[in-house]
Amino acid sequence: MAREIAEQPAALQMTLDVLRELRAELRALVRGTERVVFFARGSSDSAATYGRYLVEITAGLPSAMGAPSVATLYRSHQDLVGTLVVLCSQSGRTEEISEVAEWARRCGARTLAVTNEAGSPLTRAVDLALVTAAGRERAVPATKSHTTCLLALAEVGAALSPTGDHLVRELAQVPDEAARLLAIGMDPAAHAAAVIAGARALAVTGRGFTYATALELALKVEETSLLPCLGLSQADFQHGPQAVLDLATPLVVVSAAAGPTVTGLHSVAESAVRRGSPLVVVGGTPAMQEIADWTLPGAALSEAAAPIVGIIPGQLFAEALARDLGRDPDAPPGLDKVTHTA
């Protein structure tokens, strides 16, 4: 897992080079799209949440997370004319997601896959596949396949947006920003993990674009450390779940450096401090970092692009925490690289 985390700058650059060649084809496919629906599971579901926010905020199109069981178990027919269905599966071999792709096409949708495996069943079931160039991933937790998926979804958002050229230009900075975050080293993640290793549970929250990062960080902690970890939007977290915060239940706040979500995230961070909950801030403002017990670096990109690499400090944190707890982060018990959903 640590080695694959370190490979992300190169994987992102190779993916950027591959996707650049597909921009014209992608724009042709999405022309006239009226709405977007994302289907995914696991780490890909966290990535799809980022895609949903990006499409709704930057492209101004209605977007939603689809429930695969509507297609695969209930076999509900829907009118999907004018709909772009985006299917995310890092392996491209989850039968459920390929079945959804075939269902969506029967319902009249245009279908787009984001996967890390060329020639996989999913690539053959869609109108266009964006195949990332992360290379083979040996560790069970997705790291480089996740960030390259986020990059591909940013390309989709840019293709759908009338002002997408600005985002496309910023994507060129993503590999270097990944390298910068990695160059900071393991110390911040290791220091935070060393204390949190004694926790009975963990809560992670974000909002807007950072909500997707919070979901992915919570998933990484659970699958590598087997530590119960609640990942929620800051707004939902304040509607009751924040009651779990105490000395044995730390809070991780994932925040942009600026933007409309900062005020609410600062408020929930202050609430954690009042409750005596250890506080970790990922990114955030100087004021937020000042009240935190530990801080992890944020990405120096716009709020819309930052989540592509904003999870990297969280990946390092999850890997360090697993080792502190005596777990093997590469091979969590009971998990496989490809999950076959019943």
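Bear in mind that the values in this text are calculations on the coordinates, not laboratory data. Model, not experiment: these values are computed from the prediction. Methodologically, a virtual Cβ is constructed for each residue, glycine included, from the backbone with ideal geometry; neighbour enumeration extends over all protein chains shown.
To the nearest 0.05, what FRET efficiency results for ARG136 and ASP246 with a Förster distance of 30 Å applied to their C-beta separation?
After rounding to 0.05, the efficiency reads 0.10.
Once R0 is set to 51 Å, what does the formula 1/(1 + (r/R0)^6) return for the Cβ-Cβ distance between SER76 and ARG200, expressed as a FRET efficiency to the nearest 0.05?
Efficiency computed from Cβ-Cβ geometry: 0.80.
For segment 1-104, state which GluC sites (Glu not before Pro) are in a DSSP loop and have at most 13 other beta carbons lying within 10 Å of their beta carbon.
Details: sites: GLU4, GLU7, GLU21, GLU25, GLU34, GLU56, GLU95, GLU96, GLU99, GLU102; in loops: GLU7, GLU21, GLU34.
Here the sparse-neighbourhood loop sites are GLU21, GLU34.
For the chain, give the share of DSSP beta bridges that are antiparallel, in percent and rounded to the nearest 5; count only bridges with both residues there. Mind showing how you got there, number by number?
Details: 1 of 35 bridges.
The antiparallel fraction comes to roughly 5 percent.
Please sort 72-82, 218-228 by packing, taking for each peptide the average over its residues of neighbouring beta carbons within 10 angstrom, highest first. Please list the in-between numbers first.
On the way: 72-82: 12.5, 218-228: 22.3.
Averaged packing, sorted descending, gives the order 218-228, 72-82.
Where Rh is the Kirkwood radius over the Cα pairs of segment 2-172, the temperature 4 °C and the viscosity 1.567 mPa s, what D in µm²/s does Stokes-Einstein return? Could the numbers behind the result be given before it?
Values: Rh = 15.8 Å.
Diffusion coefficient, whole number: 82 µm²/s.
Which whole-angstrom value gives the distance between the alpha carbon centres of segment 28-76 and segment 6-21?
23
How are the Cα pair distances of the chain distributed, in percent, across 10 Å bins from 0?
Per 10 Å bin, starting at zero, the Cα-Cα P(r) for the chain comes out as 6, 27, 35, 24, 8, 0 percent.
Test of understanding: what is the full-extension gain from ARG3 to SER267, defined as 0.36 nm times their sequence separation minus their Cα-Cα distance?
Working: separation 264, 0.36 × 264 = 95.04 nm, distance 3.62 nm.
Full extension from ARG3 to SER267 adds 91.4 nm.
With the calculation restricted to Cα positions, what are the radius of gyration and Dmax of segment 182-324 in angstrom?
13.2, 38
Treating the beta-carbon of each Lys and Arg as +1 and of each Asp and Glu as -1, no other charges, what is the dipole magnitude of the chain about its Cα centre, to the nearest 20 debye?
Values: 27 positive and 36 negative charges, 90 e Å.
Once rounded to the nearest 20, the dipole reads 440 debye.
Placing +1 at every Lys and Arg Cβ and -1 at every Asp and Glu Cβ, with all other atoms neutral, what dipole size does segment 2-172 have around its Cα centre, in debye to the nearest 20? Let's see the in-between values first.
Working: 18 positive and 19 negative charges, 21 e Å.
About 100 debye.
For segment 235-241, in order, what is each residue's ³J(HN,Hα) by Karplus, 6.51 cos²θ - 1.76 cosθ + 1.60 with θ = phi - 60°, in whole Hz (x at glycine and Pro)?
Calculated HN-Hα couplings, in order: 5, 5, 4, 6, 8, x, x Hz.
On the Cα set of segment 102-150, report Rg and Dmax in Å, please.
So, for segment 102-150, Rg and Dmax equal 12.3, 37 Å respectively.
At ALA258 and ALA300, where each label point lies 7 Å from the Cα along Cα→Cβ, what is the point-to-point distance in nanometres?
1.5
Please report MET1, MET65, MET288, MET186 as a ranked list, fewest other C-beta atoms within 10 angstrom at the top and most at the bottom.
Details: MET1 24, MET65 13, MET288 21, MET186 16.
Exposure proxy ranking, most exposed first: MET65, MET186, MET288, MET1.
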